[in-house]
Amino acid sequence: MPRKSPGPKAKGLGAELRILRKLAKITLEQASAAIGLSKQVLSRLETGQRNISPDEVAGLLALYGVTGGQRDKLLTMARSLNDPGWWELNAPGMTQESVTLADYEDSARKITDWSPLLVPGLLQTPEYAGSFMLDDGLTPSEVEARLAGRLRRQERLNRNDVHYTALIGEPALIGNDDIHRNQLTALAKAAERPNVTIRVVPIAAMPRLGRVGAFMILEVPRVVVHIEMARSGAFLDEEPFTTPYLRRAARLSEVALSATMSMRRIITLRDEMDV
């Protein structure tokens, strides 16, 4: 099978190997010479710009003295680099941006999602998501195709190897119809999962935050930030650009309600729709 272009898994594996090399106090020159690669190639492997073979990983792990479960985990990652994800096998209607995002989500071990005005996509019900897609001018057939991809992305939260934190602006929770009511019920149910945390940022706190648009932080383990825009988005993975978003997420966490208080607020807002 030909090698795929490097993706999030390659970046994550490369970052872990770089950390292990530094912990072992081995230079890039020493490590590259030990496994018969140039310094430049090993540098590209560590930054996820080139896929790495299981044999290369095994050689590096032996050099770094890594054994047991950690060795097995990293070798499994190396063997799966060329495995196609569902988004590559069958993703009709998904934009290239959505395909890339699905790839990052699948590899992430921690996701922090800030959404000031809408419920985050990974927590949206089909009816809620579809209503906004129609409002954006998509045709019913386009909506159907995109919803299929959205629902497949949501399955990522069914696996406990990721922790997902949603920071949701209170305006996103306000509505007066069955679609919004059912969406709030779905949020309450999602919060019961051990790997999902939902926290509400109160309206009163939002002016102090300035204009902070929606973004998602994915740790794969290298930090990648996805910035959401009206009909597209952008990915940032260089530290000078991702650090401000880590600070914003920390600030949002400071002003957000606790998970328990957030659930009370969500249930109160839902019940008020019944009055």
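The values are calculated or read from the model by the stated rules, or taken from the named source; none is laboratory data. Everything numeric in this text was worked out from a predicted model, so none of it was measured. As a convention, Cβ positions derive from the backbone with ideal geometry for all residues, glycine included, and neighbour counts pool all protein chains shown.
Name the pairs whose Cβ atoms lie under 7 Å apart, with the first residue in the stretch 192-212 and among the small types (Gly, Ala, Ser), the second outside any strand (DSSP E or B), and 6 or more positions between them or separate chains?
These pairs meet every condition: ALA205/VAL255.
Conditions first: (1) part of a helix (DSSP H, G or I); (2) touching a helix residue (DSSP H, G or I) at 6+ places or on another chain (Cβ under 8 Å); (3) at pLDDT 95 or above; (4) of a type outside the set (Ser, Thr, Tyr). MET261 passes all but one, so which condition is the exception?
MET261 satisfies every listed condition except (2).
Residue-wise test of (1) of a type in the set (A, V, I, L, M, F, W, C); (2) in a strand (DSSP E or B).
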residue: LEU184; (1), (2): yes, no
residue: PRO194; (1), (2): no, no
residue: ALA205; (1), (2): yes, no
residue: ARG208; (1), (2): no, no
residue: VAL225; (1), (2): yes, yes
residue: PHE235; (1), (2): yes, yes
residue: TYR245; (1), (2): no, no
residue: SER253; (1), (2): no, no
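Within the set of pairs 6 or more residues apart or between chains, which connect a residue that is more than 20 Å from VAL223 (Cα to Cα) inside the stretch 20-48 to a residue that is in a loop (DSSP other than H, G, I, E, B) and among the charged types (D, E, K, R) with Cβ atoms less than 8 Å apart?
If the second residue must be in a loop (DSSP other than H, G, I, E, B) and among the charged types (D, E, K, R), the pairs left are VAL41/ARG50.
Checking the conditions here, which among ARG146, ARG152, ARG109 is within 21 Å of MET216 (Cα to Cα) and either surrounded by 18 or more Cβ atoms within 10 Å (Cβ to Cβ) or not assigned by TED's automatic domain parsing to the domain that holds PHE235 (or both)?
Exactly one of ARG146, ARG152, ARG109 is within 21 Å of MET216 (Cα to Cα) and either surrounded by 18 or more Cβ atoms within 10 Å (Cβ to Cβ) or not assigned by TED's automatic domain parsing to the domain that holds PHE235 (or both), namely ARG146.
Under 7 Å between Cβ atoms, which residue pairs at least 6 apart in sequence (or on different chains) link something in the stretch 257-273 that is touching a residue at least 60 places away in the same chain (Cβ under 8 Å) with a partner that is surrounded by 13 or more Cβ atoms within 10 Å (Cβ to Cβ) and of a type in the set (Val, Ile, Thr)?
Close Cβ pairs satisfying both conditions: ALA259/THR197; ALA259/ILE198; SER262/ILE198; SER262/VAL200; ARG265/VAL200; ILE266/VAL200; LEU269/ILE174; ARG270/THR185.
In the stretch 125-152, which residue that is touching a residue at least 60 places away in the same chain (Cβ under 8 Å) and under 18 Å from the mean Cα position of the chain (by Cα) is farthest from TYR164 (Cα to Cα)?
Only one residue fits best here, namely GLY149.
A quick yes/no check of all residues on (1) of a type in the set (Phe, Trp, Tyr); (2) in a helix (DSSP H, G or I); (3) in the same structural domain as GLU142 (by TED's automatic domain parsing); (4) modelled with pLDDT of 85 or more:
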site: VAL57; (1), (2), (3), (4): no, yes, no, yes
site: LEU60; (1), (2), (3), (4): no, yes, no, yes
site: LEU63; (1), (2), (3), (4): no, yes, no, yes
site: LYS73; (1), (2), (3), (4): no, yes, no, no
site: TRP114; (1), (2), (3), (4): yes, no, yes, yes
site: VAL119; (1), (2), (3), (4): no, no, yes, yes
site: GLY130; (1), (2), (3), (4): no, yes, yes, yes
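Could you say which residue among THR268, THR243 is within 23 Å of the chain's Cα centre (by Cα), assigned by TED's automatic domain parsing to the domain that holds ARG222 and among the β-branched types (Val, Ile, Thr)?
THR243
Yes or no, residue by residue, for (1) buried (at least 17 other Cβ atoms within 10 Å of the Cβ); (2) among the charged types (D, E, K, R); (3) touching a strand residue (DSSP E or B) at 6+ places or on another chain (Cβ under 7 Å):
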{"residue": "LEU184", "(1), (2), (3)": "yes, no, no"}
{"residue": "LEU187", "(1), (2), (3)": "yes, no, yes"}
{"residue": "ALA214", "(1), (2), (3)": "yes, no, yes"}
{"residue": "PRO240", "(1), (2), (3)": "no, no, no"}
